[in-house]
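Novice: The following block contains the structure, expressed as structure tokens.
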Amino acid sequence: MSTKTVLVTGGAGYIGSHVVRQLREAGTAVVVLDDLSTGFREAVLDAPLVVGNTGDAALVDAVLREHHVDAVLHFAARTIVPESVADPLRYYANNTCATRNLLEACVRHGVRRFVFSSTAAVYGPTADGRAGEDTPTQPISPYGCSKLMSEWMLRDLDANGSMKHVILRYFNVAGCDPHGRIGHSTRDSTLLFKVACEVAVGKRGELAIFGTDYATPDGTGIRDFIHVEDLADAHLRALDHLDRGGASTTLNCGYGHGYSVREVIAAVERASGAPLRVVERPRRDGDIPALVADARRIRDVLGWTPRHDDLDLIARTALAWERRLAARGA
Ligand code: UD1
């Protein structure tokens, strides 16, 4: 591998920290840039951490120069859809403008490989609940728009020869490091697996099912849940792809099949050995009935093969981490 040091923005967050750990296990030098607004210092383990924001041009310049960065994995972002609806400018600032700043610094410093954390939220609702990379993008939230605008900047920088990219569009990420070293510690999360595990350990009183009248087999929403370890592996392969001179590309990250909210609850109940307290509520604003990836391209382009495509394994690793947090009083 010709990469010298990989800059991982947002490397103290849930997904970024799993990637940092895997990169270091693979012997890659990394430096993490994270403002710790939602991330945690301990999540980077002993990787070098610079505390700061990707919107800080002078800081980003210094990090790229001092650490001889020649590839970037860009995770740092805000990711909560309802929050983006309430405060769109914050999302365009944190996600779009900060990415623009980072890209400008990368171009200045000759960084020519960039892996970008995008989202299935760029698709919006689709007729059959499935989305392939060529499905038209019609984001319905400022969050999805803020990410799509970053994708466009990368497209244009590829076109003018400045840099190559891999855009990874995440579906529903869940689960934690199977060895329990790091996990999903985000506070006030709204994500289904996280909320369900918090209920299982008694941190929350009940789990609300948002909508039981969807036109799905059991009436609840369906999503494509991908284990964070498989997602992290996709990032290492994306970097390899670029190192080997591969072309810029956009890839869905999912397993290609979905589970309902009730199926997720059942998996967490099996992992915990006890029923969860569940209440049925109306549909949540902005939710779509189903979204499942067409995930063939990532296998073809990166040779990626999921190793954790197992809802019970996702539930067990997520719950194990939640129990660890609870034991710490976190
Ligand atoms: C997540 C991502 C979004 C991405 C999408 C891809 C975040 C914050 N959101 O959103 O960026 O585009 O996956 O599919 O990372 N649910 C409940 N009760 C709860 C929580 C959730 O019933 O307490 C239901 C929701 O109504 C939905 C499903 O569970 O049907 C999944 O919701 P959630 O985990 O919040 O993820 P998405 O909204 O799909």
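The values are calculated or read from the model by the stated rules, or taken from the named source; none is laboratory data. Source: prediction; values computed, not measured. Positions of Cβ are generated from backbone atoms using ideal geometry, with glycine treated the same way; all protein chains shown enter the neighbour counts. Accessible surface areas use protein heavy atoms only, side chains included; no ligands, DNA or RNA. Shrake-Rupley method; radii C 1.70, N 1.55, O 1.52, S 1.80 Å.
Novice: With a 1.4 Å probe and all protein chains left in place, how much accessible area per residue does the stretch 223-330 have, in Å²? List each step's numbers first, then the result.
Specialist: Numbers: 4830 Å² over 108 residues.
Each residue of the stretch 223-330 exposes 45 Å² on average to a 1.4 Å probe.
Novice: Tell me, what is the per residue accessible area of the stretch 1-138 in Å², probe radius 1.4 Å?
Specialist: Working: 5680 Å² over 138 residues.
Normalised by residue count, the accessible surface of the stretch 1-138 is 41 Å².
Novice: Follow-up. Placing unit charges on C-beta atoms (Lys and Arg positive, Asp and Glu negative, everything else neutral), compute the dipole magnitude of the stretch 191-330 about its Cα centre in debye, rounded to 20.
Specialist: 400 debye
Novice: Which three lengths, in whole Å and largest first, does the stretch 77-177 cover when its Cα atoms are put on their principal axes?
Specialist: The Cα atoms of the stretch 77-177 stretch 40, 33, 29 Å along the principal axes, largest first.
Novice: A further question on this structure: Just to check I understand the Karplus step: with θ = phi - 60° and J = 6.51 cos²θ - 1.76 cosθ + 1.60, what whole-Hz values come out for the stretch 21-33, glycine and proline as x?
Specialist: Result, ordered by residue: 4, 5, 4, 5, 4, 7, x, 8, 6, 10, 10, 9, 10 Hz.
Novice: Please name which of ALA29, THR190, ALA93 has its Cα lying farthest along the dipole of the chain towards the positive end, using unit charges on Cβ (Lys, Arg +1; Asp, Glu -1) and the Cα centre as origin.
Specialist: Towards the positive end, the residue furthest out is ALA29.
Novice: Output the antiparallel fraction of DSSP beta bridges having both residues in the chain, as a percent to the nearest 5.
Specialist: Values: 2 of 41 bridges.
Of the beta bridges lying entirely in the chain, close to 5 percent run antiparallel.
Novice: So, one more: Please name whichever of SER272, HIS241, LEU251 sits farthest to the positive end of the charge dipole of the stretch 215-272, dipole taken about the Cα centre and charges placed at Cβ: Lys and Arg +1, Asp and Glu -1.
Specialist: Toward the positive end, the furthest listed residue is LEU251.
Novice: Using only the Cα atoms, work out Rg/Rh for the stretch 91-238, with Rh taken as the Kirkwood radius, to two decimals. Working shown, then result.
Specialist: Values: Rg = 17.9 Å, Rh = 17.7 Å.
In the stretch 91-238, Rg relative to Rh is 1.01.
Novice: Straight distance only, please: which lysines reach the Cα of LYS4 with their own Cα at less than 24 Å, same-chain residues fewer than 8 apart left out?
Specialist: Straight-line reach from LYS4, under 24 Å: LYS164.
Novice: A further question on this structure: Summarise the accessible area of the stretch 112-193 (1.4 Å probe, protein heavy atoms) by the percent that is carbon and sulfur. Write out the running numbers ahead of the final one.
Specialist: Working: 1690 of 3320 Å².
That fraction is 51 percent.
Novice: Turning to a different aspect of this structure: Taking the Cα of GLU280, stepping 7 Å toward and past its beta carbon, and measuring to each backbone N in the stretch 198-225: which are under 17 Å?
Specialist: The answer is 207-222.
Novice: Sorted by packing (mean other beta-carbon atoms within 10 Å per residue), highest first, where do 4-16, 28-40 land?
Specialist: Numbers: 4-16: 25.3, 28-40: 21.0.
Going from most to least packed, we get 4-16, 28-40.
Novice: Shifting gears a bit: What's the angle, to the nearest 10 degrees (0 to 90), between helix 228-243's Cα axis and the longest principal axis of the chain?
Specialist: 20 degrees
Novice: If each of LEU89 and LYS203 carries a label point 7 Å out from its Cα toward its Cβ, how far apart are those two points in nm?
Specialist: Each label point lies 7 Å from its Cα, and together they span 3.3 nm.
Novice: Relative to the Cα centre, what is the charge dipole magnitude of the chain, using +1 at the beta carbon of each Lys and Arg, -1 at the beta carbon of each Asp and Glu, and rounding to the nearest 20 debye? Provide the component values of the computation, followed by the final result.
Specialist: Details: 38 positive and 41 negative charges, 80 e Å.
Here the size comes out at about 380 debye.
Novice: If you don't mind, there's one more thing I want to ask. So for the stretch 168-309, considering every pair of alpha-carbon atoms, how many percent are separated by more than 20 Å? Before the final figure, lay out each step's value.
Specialist: On the way: 5288 of 10011 pairs.
Tail of P(r) above 20 Å: 53 percent of Cα pairs.
Novice: Here's a follow-up. For the stretch 1-148, give the magnitude of the charge dipole about the Cα centre (Cβ charges: +1 Lys/Arg, -1 Asp/Glu; no others), in debye to the nearest 20. Please list the in-between numbers first.
Specialist: On the way: 13 positive and 15 negative charges, 44 e Å.
In debye, rounded to 20, the stretch 1-148 gives about 220.
Novice: Oh, and also: Across every pair of different alpha-carbon atoms, what Kirkwood hydrodynamic radius in Å does the chain reach?
Specialist: Taking the inverse mean of 1/r over all distinct Cα pairs, the chain comes out at 20.0 Å.
Novice: Give me the angle, in degrees from 0 to 90, between the Cα long axis of helix 311-328 and the longest principal axis of the Cα atoms of the chain, rounded to the nearest 10.
Specialist: Computed tilt is about 80 degrees.
Novice: For the stretch 34-104, give the percent of accessible area contributed by carbon and sulfur heavy atoms, probe 1.4 Å, rounded to a whole number.
Specialist: Values: 1850 of 3330 Å².
The C+S portion of the solvent-accessible surface of the stretch 34-104 is 56 percent.
Novice: Give me the net charge for the shell around ASP243: Cβ to Cβ below 15 angstrom, other residues only, Lys and Arg +1, Asp and Glu -1. Before the final figure, lay out the partial values.
Specialist: Details: positive: LYS4, ARG112, ARG113, LYS164, ARG237, ARG244; negative: ASP70, ASP240.
So the surrounding residues net to +4.
Novice: Another question, then. Note down the Stokes-Einstein diffusion coefficient of the stretch 49-130 in µm²/s, whole number, using a Kirkwood radius over alpha carbon pairs, 20 °C, and 1.002 mPa s. Numbers along the way, then the final one.
Specialist: On the way: Rh = 14.2 Å.
Once the numbers are plugged in, D ends up at 151 µm²/s.
Novice: Still on this model: Pop a pseudo-label 7 angstrom from the Cα along the beta-carbon direction at both ARG24 and ASP213 and give the gap in nm to one decimal.
Specialist: My value for the distance between the label points is 5.0 nm.
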